[in-house]
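The values are calculated or read from the model by the stated rules, or taken from the named source; none is laboratory data. Being a predicted model, the structure only gives us computed values, none of them experimental. Glycine also receives a Cβ, built like all others from the backbone with ideal geometry; neighbour counts cover every protein chain displayed.
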Ligand SMILES: [Ca+2]
């Protein structure tokens, strides 16, 4: 649900966070893609751990960035 709100709030912008199709603009195609995957979650094994000695170890959940 939050993904739909994020896309709706950024509709018509070029905000890359809400541009889930990656075509450079937030439009109806982004809403459709989010709607098609409504309720889905990314399985735990697809989580990525970024281990850079220059940074504190950070865990990124791919579901926050991409639906594909
Ligand atoms: Ca888009």
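A few comments on the model shown:
- Pairs, first without any contact (Cβ under 8 Å) to a residue 24 or more places away in the chain in region 18-45, second more than 6 Å from the ligand (Cβ to nearest atom) and not in a loop (DSSP other than H, G, I, E, B), C-beta under 7 Å, six or more apart: 18/6; 18/7; 21/33; 26/7; 30/7; 41/63; 42/62; 42/63
- Region 19-56: number of residues that are modelled with pLDDT under 95 and more than 18 Å from residue 4 (Cβ to Cβ): 14
- Residues in region 18-47 that are within 6 Å of the ligand (Cβ to nearest atom) and outside any loop (DSSP other than H, G, I, E, B): 2 in all.
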